[in-house]
Amino acid sequence: MERHQEDFLDALTLGIPMAGAGSVRLAHRFFSAGRGAGGADDALLTVLGKATPTGGHPNQLMTVLDDGTRVLFRKDFGAQAHRLGGSFQGKGKVNHYNIQLQTKSGGHIENIHIVPTGKGRYTWWGKDGVIKK
Amino acid sequence: MVGKGRGYQKMKSLMTPDIHIAEHADDILSDEVVTNEAHQLLVEVDADNKDVYLNFSSRLAMYDFARSLLHEAIYSKGGQMEFYPLEFQGKMEIVNGVRMPLNSARLFIFYQE
C-alpha cells in the first residue's frame, strides 16, 4: 500500500461497524467491489488500495466501483478541519477522516465521519448518527 | 460563463417551474449539468468583511444546486452537506449537485435533524 493510503489505515483498521443502515450500505458496496471471501474489513481495504489521489484536496483518494459508485477517502486534519454537525455540533473545527459514497453523478449516498477521540479510539458518525465508538 | 443564444434557450427549457423531487438521488441533476463542465459554482469569501459570494456560471447550475438542497431537506439525514472541488483523472466532478473549480472555497450546510 502506498504512503498516501497509509494515512487512513489507523482509522480504518478498526473495521467497519456493522450497525445502522449507513454501515450496511458501506459494507454492501465494499463487498461488491472486493469480491473476496473476506469480511467487510477486507473489502474496505481492497477499495482503499484501489483509490488514487484527487485534485482539490491535499489528502483525498477516490476510486470508482464497478457499478459507478464513487468512494472517497479524505483526511480533514489541520487546515482542512471544519465544523461538523450531529453530536459534534458546537465543538468548533474537528479533525476527522471521511469515507463518502456518491452516485456516479455526485449524489450523496453516505458520508461517514471518523473522528479520533484519543488513545487510539475513533467515533464513526454518519447519516444514522453515531454508529461506532 | 455559459453564453446566451440557442444554448441558453435550451438551458431555460430544462428549468421547469413545476418541480418534483424524487427520492432516488440519481434523478436530481440534469444530464446537461452532469456532462458539461462549464456548469460550476465558485464560492469566494472576503476575509475583510466576511461576505460570501456564490458565483454560478449558469442559471442551470444554480437550478440543479437548488434541487440538490431540496432533496436533502426532504429526504436526507445526517444534518450536514459538504460541497468541495473534486478533480479526478483530469475531470472536474460534481459533488452533491454542484461542480466547483479548484480555486473555490468549500461550502458547508448544517440543518437540524
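Within region B:18-38, the residues that satisfy the criterion of being hydrophobic (A, V, I, L, M, F, W, C), farther than 12 Å from residue B:74 by Cα and surrounded by fewer than 18 Cβ atoms within 10 Å (Cβ to Cβ) are B:19, B:38.
In the set A:48, A:44, A:65, only one residue is touching a helix residue (DSSP H, G or I) at 6+ places or on another chain (Cβ under 8 Å), farther than 30 Å from residue B:101 by Cβ and modelled with pLDDT of 55 or more; that residue is A:44. With respect to being of a type in the set (Lys, Arg) and more than 17 Å from residue B:109 (Cβ to Cβ), residue A:119 fits the description.
Restricting attention to region A:72-89 and to residues that are within 11 Å of another protein chain (Cβ to nearest Cβ) and in a strand (DSSP E or B), the residue that is surrounded by the fewest Cβ atoms within 10 Å (Cβ to Cβ) turns out to be A:83. Scanning region A:95-129 for residues that are away from every other protein chain (no Cβ under 12 Å) and either in a strand (DSSP E or B) or in contact with a Leu (Cβ under 8 Å, 6 or more places away or on another chain) (or both) yields A:97, A:99, A:114, A:115, A:116, A:117, A:118, A:121, A:122, A:123, A:124. Here residue B:89 meets each of (1) away from chain A (no Cβ under 11 Å); (2) more than 16 Å from the chain's Cα centre (by Cα) with one exception, condition (1). Only one of the listed residues (B:44, B:82) is in a strand (DSSP E or B) and within 11 Å of chain A (Cβ to nearest Cβ). That residue is B:82. A residue that is facing chain A (nearest Cβ under 9 Å) and either loosely packed, with under 13 Cβ neighbours inside 10 Å or assigned to a strand (DSSP E or B) (or both) occurs nowhere in region B:65-79. Of the residues making up region A:54-113, those that are among the aromatic types (Phe, Trp, Tyr) and under 24 Å from residue A:128 (Cβ atoms) are A:73, A:88, A:97. Note on region B:92-105: residues that are within 7 Å of chain A (Cβ to nearest Cβ) and either surrounded by fewer than 23 Cβ atoms within 10 Å (Cβ to Cβ) or β-branched (Val, Ile, Thr) (or both) total 3. If you go through region A:53-62 and keep only what is more than 8 Å from chain B (Cβ to nearest Cβ) and surrounded by fewer than 19 Cβ atoms within 10 Å (Cβ to Cβ), you end up with A:53, A:58, A:59.
Selection of region B:12-26 for residues being without any contact (Cβ under 8 Å) to a residue 24 or more places away in the chain and more than 9 Å from chain A (Cβ to nearest Cβ) yields B:13, B:16, B:17, B:18, B:20, B:22. I'd like to check something: does region A:94-105 contain any residue that is crowded, with 18+ Cβ neighbours inside 10 Å, of a type in the set (Ser, Thr, Tyr) and touching a residue at least 60 places away in the same chain (Cβ under 8 Å)? Yes.
The values are calculated or read from the model by the stated rules, or taken from the named source; none is laboratory data. Since the model is a prediction, treat every value here as computed from it, not as a measurement. We place every Cβ from the backbone using ideal geometry, glycine too, and count neighbours over all the protein chains shown.
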